[in-house]
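For reference, the structure discussed in these notes is given below.
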Amino acid sequence: MADDWTPPAGDLMKGKRGIVMGVANQNSIAWGIARQLAAQGAEIAFTYQGDSLERRVRPLVESIGMDTMIPADVTDDASMDAAFDAIKAKWGKIDFLVHSIAFAGKDELQGSMVANTTREGFRRAMDISVYSFIDCARRASEIMPDGGAMICMTYLGAERTVPSYNVMGVAKAALEAATRYAARDLGPQGIRVNAISAGAMRTLSLAGIRGGKSLMGTGRDWSLLKEDTRMEGVAGAALYLLSELGHSVAGEVHHVDAGFHVVGVPDLPED
Ligand SMILES: NC(=O)c1ccc[n+]([C@@H]2O[C@H](COP(=O)([O-])OP(=O)(O)OC[C@H]3O[C@@H](n4cnc5c(N)ncnc54)[C@H](O)[C@@H]3O)[C@@H](O)[C@H]2O)c1
C-alpha cells in the first residue's frame, strides 16, 4: 500500500530536521509521512520501539538515504531521555516532530467497551497513546529554539463510536484535547501543534482491532469519495502541517478520510 505512490519531490522541507516516531514496517503511517518529508528535503531521525523492529525498519530508512535510527520505548523514561539526548547531541535543535504511536491490548479492542476495559488496559492505552505525545511535545519543544511544528495521528473513534475501537476511542479523544492544550502552551514559542485524523488504513495497528478490515470497507463505501483513505493524502497533509504551507494553523484536527467524518447517514438503497 505505502509503496504504490511516489511522493512529490521539492524543497518545502529543505534545511529542516526532525523526528519521526512510529515506523514499524512499510505500511506504517509514519513511513508514508517520512517518505513525503524526505522527498521534500527533510533530514529525519527515526525512533523505533525496540530491537525486534530494527531489522525491519533499517532497510526502509536506508532506502531514502537516511541513517539516524534511535530506539525509544515511550513507556520508559530512561529510553526517552537517551533518545532525545542522542538527537540533541547530533543536531542541537530540530524543526519538526511526527508522533505516530498508539497501543491498546487485543482484549480491549473488541466487544463491549464497558465490559472489556480493565484499569491496567486503560492505563496502558492512555500512557502509550496519549501521555507519550505530551512527553514528546515537551522534550521536542526544548530543542526547538527557532519554533517548529508537531503532529500526532488520531481517528474518528475519538468523536463518534466505532465498533471495537473502545478504549482507543477514549484515548484518541484525550489525544485530540492534548493537541489543543499543547498548541496553546507552545504557540507563543512559534511551535504549531496539530493532529491528523486519518480514515482506516491497512496497518499493523488496524490488524489489532476486531473487525478492523470491515472498518476499511465501511470507510470506503460510505465515504464521500467512495475510496479508501490513501497514504499520499495523509502524507500530503503532514507535509502541509509541518512546512511553511501550514503557517497560522495550530490546534487543529485535520481529517484525511475521503470525507467519511461528515456522513450522518450513508447512501440509501433505491426504493
Ligand atoms: N491504521 C489506521 O487505520 C489509523 C487511522 C487513524 C489513525 N491511526 C493512528 O496512526 C498511528 C500509527 O499507526 P499505524 O496505523 O501506522 O500502525 P503501526 O502499527 O504501523 O504504528 C504504530 C506504532 O506505534 C509504535 N508503538 C507502540 N507502542 C510503543 C511504545 N511503547 N514505544 C514506542 N513505540 C510504540 C509501534 O512500534 C508502531 O511503530 C497511531 O496513532 C494510530 O492510532 C491509524
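The values are calculated or read from the model by the stated rules, or taken from the named source; none is laboratory data. Everything quoted here is computed from the prediction, not taken from an experiment. Ideal geometry is used to build each Cβ from the backbone, glycine not excepted, and the neighbour counts take in all protein chains shown.
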TODO: Identify all residues within segment 1-37 that are in a loop (DSSP other than H, G, I, E, B) and either over 20 Å from residue 204 (Cβ atoms) or in contact with a Pro (Cβ under 7 Å, 6 or more places away or on another chain) (or both); write none if there are none.
DONE: 6, 7, 8, 9, 10, 11, 12, 13, 14, 15, 16
Open item on the list: Let me spell it out: the conditions are (1) in a helix (DSSP H, G or I); (2) within 25 Å of residue 31 (Cα to Cα), and residue 105 meets all of them except one. Which number is the exception?
Closed with: (1)
Open item on the list: Given the criterion surrounded by fewer than 22 Cβ atoms within 10 Å (Cβ to Cβ) and in contact with a helix residue (DSSP H, G or I) (Cβ under 8 Å, 6 or more places away or on another chain), identify the matching residue among 190, 212, 157.
Closed with: 212
TODO: Would you check if residue 139 is outside any loop (DSSP other than H, G, I, E, B) and more than 27 Å from residue 104 (Cα to Cα)?
DONE: no
Open item on the list: Among the residues in segment 49-71, are any more than 11 Å from the ligand (Cβ to nearest atom) and closer than 22 Å to residue 174 by Cα?
Closed with: no
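Each row is one residue, and each column tells you yes or no for (1) assigned to a strand (DSSP E or B); (2) surrounded by fewer than 24 Cβ atoms within 10 Å (Cβ to Cβ); (3) among the small types (Gly, Ala, Ser); (4) over 15 Å from the mean Cα position of the chain (by Cα).
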{"residue": "132", "(1), (2), (3), (4)": "no, no, yes, no"}
{"residue": "161", "(1), (2), (3), (4)": "no, yes, no, yes"}
{"residue": "164", "(1), (2), (3), (4)": "no, yes, yes, yes"}
{"residue": "179", "(1), (2), (3), (4)": "no, no, no, no"}
{"residue": "186", "(1), (2), (3), (4)": "no, yes, no, yes"}
{"residue": "202", "(1), (2), (3), (4)": "no, yes, no, no"}
TODO: Kindly establish whether residue 96 is away from the ligand (no atom under 13 Å from the Cβ) and crowded, with 23+ Cβ neighbours inside 10 Å.
DONE: yes
Open item on the list: Looking at segment 44-82 only, could you name the residues that are assigned to a helix (DSSP H, G or I) and buried (at least 18 other Cβ atoms within 10 Å of the Cβ)?
Closed with: 57, 60, 61, 80
Task: Scope segment 99-140; condition within 15 Å of the ligand (Cβ to nearest atom) and more than 20 Å from residue 79 (Cα to Cα); matching residues - done: 104, 105, 106, 108, 109, 120, 121
Task: Long-range neighbours under 7 Å by Cβ, at least six apart or interchain, first residue closer than 26 Å to residue 32 by Cα within segment 183-204, second assigned to a helix (DSSP H, G or I) and among the β-branched types (Val, Ile, Thr) - done: 193/179; 194/179; 195/179; 196/234; 198/29; 198/234; 201/29; 203/29
Task: Checklist (1) loosely packed, with under 15 Cβ neighbours inside 10 Å; (2) more than 19 Å from the chain's Cα centre (by Cα) applied to residue 41, failing item - done: (1)
Task: Residue that is farthest from residue 18 (Cα to Cα), among those in segment 219-231 that are crowded, with 18+ Cβ neighbours inside 10 Å and in contact (Cβ under 8 Å) with a residue 40 or more places away in the chain - done: 223
Task: Neighbours by Cβ (under 6 Å, 6+ apart or cross-chain): first from segment 1-25, among the charged types (D, E, K, R); second in a loop (DSSP other than H, G, I, E, B) and at pLDDT 95 or above - done: 11/41; 14/41; 16/42; 16/95; 17/94; 17/95
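Among the residues of segment 142-154 satisfying the criterion of being more than 14 Å from the ligand (Cβ to nearest atom) and in a strand (DSSP E or B), which is surrounded by the fewest Cβ atoms within 10 Å (Cβ to Cβ)?
148
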